[in-house]
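Trainee: Mind having a look at this structure? Questions to follow.
The values are calculated or read from the model by the stated rules, or taken from the named source; none is laboratory data. Quick caveat, the model's predicted, so the values are computed rather than measured. We place every Cβ from the backbone using ideal geometry, glycine too, and count neighbours over all the protein chains shown. What goes into the accessible areas is simple: the full protein's heavy atoms, side chains included, and nothing from ligands, DNA or RNA. Shrake-Rupley method; radii C 1.70, N 1.55, O 1.52, S 1.80 Å.
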Amino acid sequence: MAAELEQPKTNGRTKVIVATTVMLSFISFWRAAAIVLNDLGSSAYYVGGIAEKAVGRAAPWFILGVMLFSYAVRAVYVESCAMFTRGGVYRVVKEAMGGVLAKLSVSALMFDYVLTGPISGVSAGQYIVGLISQTTIYFGHPWTPSVSTVNHLAAGIAGLITIYFWWRNTRGIHESSDDALRIMYVTTAMVVLLIGWSTFTILTQPKMQRLPPAPASHNLTFNDDAVGWMPRLLPHSFQGKSAETPTEASAATTEKPAPHYGLVANAGALIGLIGIFMAFGHSFLAMSGEESLAQVNRELEYPKHKNLMRAGFIIFLYSLLFTSLVSFFAYAIIPDDVRPQYFDNLISGIALNLAGPMPLKLLFQAFIVIVGFLMLAGAINTSIIGANGVLNRVSEDGVMTDWFRAPHKRFGTTFRMINLVVLLQLLAIIGARGNTYTLGEAYAFGVIWSFAFKGLAMLLLRFKDKSEREWKVPFNIKLDSNEIPIGLGVIAALLFTVAGINLITKQVATVSGIAFTIVFFTIFVVSEKINERQRQAEIHETSAMDQFRLQPQDTVSYESVEVRPDNALCLVRDYNTLGHLRKALELTHTGKKDLVVMTVHMLRGPDTGYEDFAETQLFTRYEQYLFSKVVALAEKAGKTVHLLEVPSSDIFQAIVLTAAQLNSAEIIAGRSSVMSPQQQAKRLGEAWEAIANKPRVQIRFRVIGGNDQIRDFYLGAHAPDLTEEEISLIHELWRGVTRESGMDDIRHKEIVVVALQRLAEELAGKSRKEILARLRSLDRSVREAEDEESKT
């Protein structure tokens, strides 16, 4: 800074509180897409085998259909994110259908998140064990473990990975968007090599130039787990069917073959359609990870919506190519009689059956396993972070008690929520005994029901909230003043149709999913009741509040607040009047100029000294709610802000001192309800002039009023030398305006106004900033001269 400034006379240690939130760093759409793809893309490693085991060889077509349908589901998420920056299932369902269904939907979503980790970890273990087994066979010391042994080893690997990420998350060490981007770089190289090599293999070997059976009802072969209660509900429509290949059930195992079912030839069109929906539902976990788009939306940089659309398209295109092509390549390249051996590590099976020498194929398999391990392990981490984030979001709304949110004494993380999530994941791994099919079937329950609730909620919001959207799901018909959302209605109907059929056909998923949902729903309800009793005497805002990390400082400087000089300082006080902050975010390019959002905690009476004040007494629930609103606006704009609270008994002195110490280039405020912009500027200017040894800089004071009207004033201007005639004329005019006695004469005011207009015309070549600066400077200089004259 240019000069050392005098501080307010206080005895306390805490002069200023810098509040930070970890969610205020914004990322590009490439990084956002990478984060989502680390979760969504991981399903390519296991969905093909799970789907074919459930519905037969036509499974690749249904996976392709799910990936195409994912674009429609993603459109629902895009519309919700355009309405709510944090457009997750809980917020959207609560706005549309109330708290009860919101808690129910988020309970199903938690089932999704809790099982994401186990299925990804077990799949990673299956690929590792498969690689080891193939390597031993190649070197002449074959190790061919049984299915149960492979599953147990995979479960052990999954458990170790989960415990590792529990350790990282408890300490607050999250994978950054840089990590996700690097993983996607490597994954993209693997995908390109896989597509190129597989295409070459198919073109050079005619026997592999084949497509799966058409996705018709007569080509479906359901296993016992995939039909669920259907044979009992429709006994004349489903019949026993032999396995599609003689070795399908016996490959790599001596277990008794599981029964298979097909639709009878004369079942009818309706039953055939039900069979199609059943197959579609059993492939639905290919779309897992969509909720991550809503979670990452709040971190997208400006322009947020445009970047959201870009990220959504990249995610769709990448997952469409990767996930669907894997299942088609597996059918074409891996022989029918050995393909069941690779249902748990399908991409490894593709690698081992490609054209070329075995050592090269083993190296490619190792590359696939390494990439898969990175993606699948990243999906475990994402599941823990996502589940913790959802629980934090619910708890911020008063649904969970503060006991769950209590920060770790050393690391400051919500460790109890992390412990709960990881414990449930470990129980799922143990309960499934490393069987990816069982985990996948259960996992689909949370996926489909969270989507269904989201789709229905957005459909209801079209009628409940008719305000303008930044973007809407297409295909809407306008009838007078009403709008019929055809596209959104069709998507919601399809989601509930698939969810309903899955409820009947997936016994394991239905029983475990409903039990899990009821348990979590009960926890939410009981915790909410406890919170209501504890907080009856408190002012509880209906909207959620963020949690902030407080960094008390003795003094404020641009180094302590970690901003660059020439920043913009925006003043906030009332969370109901933040229109000026919205405009400031719009006008400020935060990549070039930092935006500091400051509030003053007023100290009155005995609080003025605030000696030994705790941070919680200065940063109250009001400031927490105020800054939560600020964070929401910043996230909506996709721009970074720096939060600052300054306790003071004089608001104007606190503002100018902070601006000077931060080396701010401008101060931004909203229109006061008790003062005009001129009065605000005058009070601020007087406080600026009272600073001892103030820096020789000029600061713009910008007042943003209703309808985004902007008035600019300037502090700290230095006027150039003027002639005696200019000094005399301007001073008399200035005193005529400011002198109270002159204000009583309306005629005098009119003369002064006309004279000022003429003066402005004479100084037309000068900027308004220079004119105002001259007036203020001249007023001070003439007053000082008058004082000297009176003394003599």
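Trainee: Could you give the radius of gyration (one decimal) and Dmax (whole number) of the Cα atoms in the stretch 322-387, in Å?
Mentor: When restricted to Cα atoms, the stretch 322-387 yields Rg and Dmax of 13.7, 44 Å.
Trainee: Name the residue from Ala355, Pro335, Ala387 whose Cα lies farthest towards the positive end of the charge dipole of the stretch 294-391, charges +1 on Cβ of Lys and Arg and -1 on Cβ of Asp and Glu.
Mentor: Towards the positive end, the residue furthest out is Ala387.
Trainee: Can you sort Phe84, Phe415 by 1.4 Å-probe accessible area, starting with the largest?
Mentor: Largest accessible area first, the list is Phe415, Phe84.
Trainee: Here is a further query. Please name which of Ile128, Gly140, Tyr164 has its Cα lying farthest along the dipole of the stretch 85-177 towards the positive end, using unit charges on Cβ (Lys, Arg +1; Asp, Glu -1) and the Cα centre as origin.
Mentor: Result: Tyr164, furthest along the dipole toward the positive end.
Trainee: A further question on this structure: Just the number please: accessible area per residue for the stretch 139-245, 1.4 Å probe, all protein chains included, in Å².
Mentor: Per-residue value: 55 Å².
Trainee: Averaged per residue, what accessible area in Å² does the stretch 306-449 show with a 1.4 Å probe, protein chains only?
Mentor: 32
Trainee: Top to bottom by accessible area (1.4 Å), largest first, where do Glu290, Glu586 land?
Mentor: Descending accessible area places them as Glu586, Glu290.
Trainee: Another one. Mind putting a number on the dipole of the stretch 310-403 about its Cα centre? Charges go on the C-beta only, +1 for Lys and Arg and -1 for Asp and Glu, and I need it in Debye to the nearest 20.
Mentor: 360
Trainee: Hey, what did the stretch 297-401 get for relative contact order, percent, Cα under 8 Å, at least 6 apart?
Mentor: Result for the stretch 297-401 is 12 percent.
Trainee: Can you pull the percent of the stretch 417-522's accessible area that's carbon plus sulfur, 1.4 Å probe, other chains left in place?
Mentor: 71
Trainee: With 28 Å as the limit, write out which pairs from Lys53/Lys207; Lys409/Lys454; Lys94/Lys593 have Cα-Cα distances beyond it, or answer none.
Mentor: Lys409/Lys454; Lys94/Lys593
Trainee: Got a number for the accessible area of Val390? Probe 1.4 Å, square angstrom, nearest 10.
Mentor: The accessible area of Val390 comes to roughly 10 Å².
Trainee: Cα-based Rg of the stretch 423-476 per 2.2 N^0.38 Å, rounded to two decimals?
Mentor: Taking the Cα Rg and dividing by 2.2 N^0.38 Å, one obtains 1.80.
Trainee: What's the extension gain from Asp337 to Leu320 if we count 0.36 nm per residue and subtract their Cα-Cα distance?
Mentor: That pair, Asp337 and Leu320, stretches by 3.4 nm at full extension.
Trainee: Sticking with this one: When the chain is fully extended, how far beyond the present Cα-Cα distance does Val147 get from Arg168, taking 0.36 nm per residue of separation?
Mentor: Extending this stretch completely gives an extra 4.4 nm.
Trainee: Which order do peptides 273-280, 507-514 fall in by mean Cβ count within 10 Å, highest first?
Mentor: 273-280, 507-514
Trainee: Separate question: By how many nm would the segment from Arg533 to Leu423 grow when fully extended, if each residue of separation counts as 0.36 nm and the alpha-carbon distance is taken off?
Mentor: Extra length from Arg533 to Leu423 when fully extended: 36.7 nm.
Trainee: To the nearest 20 debye, what charge dipole does the stretch 432-474 have about its Cα centre, counting +1 at the Cβ of each Lys and Arg and -1 at the Cβ of each Asp and Glu?
Mentor: Roughly 120 debye, rounded to the nearest 20.
Trainee: Another question about this same structure. Using the crude model of +1 on Lys and Arg Cβ and -1 on Asp and Glu Cβ, and no other charge, please compute the dipole size for the stretch 165-227 relative to its Cα centre, in debye to 20.
Mentor: The dipole magnitude comes to about 220 debye.
Trainee: Rounded to the nearest 0.05, what FRET efficiency do Ile484 and Asp554 give with R0 = 56 Å and r taken as the Cβ-Cβ distance? Could you check?
Mentor: 0.35
Trainee: With the contact rule set at Cα under 8 Å and sequence spacing of 6 or more, what percent relative contact order holds for the stretch 369-490?
Mentor: 12
Trainee: Just by accessible area at a 1.4 angstrom probe, what is the order of Ser481, Ser557 from largest to smallest?
Mentor: Sorted by accessible area, descending: Ser481, Ser557.
Trainee: Continuing with this model, one more query. For a Förster distance of 35 Å, can you work out the FRET efficiency between the beta-carbons of Arg696 and Phe411, rounded to the nearest 0.05?
Mentor: 0.15
Trainee: Do any of Lys583/Lys629; Lys592/Lys629; Lys583/Lys639; Lys472/Lys592 go past 21 Å between their Cα atoms, and which?
Mentor: Lys592/Lys629; Lys472/Lys592
Trainee: Pairs of alpha-carbon atoms within less than 8 angstrom and 6+ residues apart define the contacts here; what relative contact order does the stretch 439-531 have, in percent?
Mentor: 38
Trainee: Principal axis extents for the stretch 255-406, Cα atoms only, whole Å, descending order, please.
Mentor: Largest first, the stretch 255-406 extends 55, 50, 38 Å along its Cα principal axes.
Trainee: Oh, and also: Is there a pair in Lys306/Lys466; Lys304/Lys636; Lys304/Lys466; Lys103/Lys529 whose C-alpha atoms are over 18 Å apart, and which pairs would that be?
Mentor: Lys306/Lys466; Lys304/Lys466, as the Cα separations exceed 18 Å there.
Trainee: Moving to a separate point now. Can you compute the FRET efficiency between Asp224 and Asn576 using 1/(1 + (r/R0)^6), with r the Cβ-Cβ distance and R0 = 56 Å? Round to the nearest 0.05.
Mentor: 0.40
Trainee: Something else now. Ranked from highest to lowest mean number of other Cβ atoms within 10 Å per residue, what is the order of the peptides 706-713, 318-325, 188-195?
Mentor: Answer by packing, highest mean first, reads 318-325, 188-195, 706-713.
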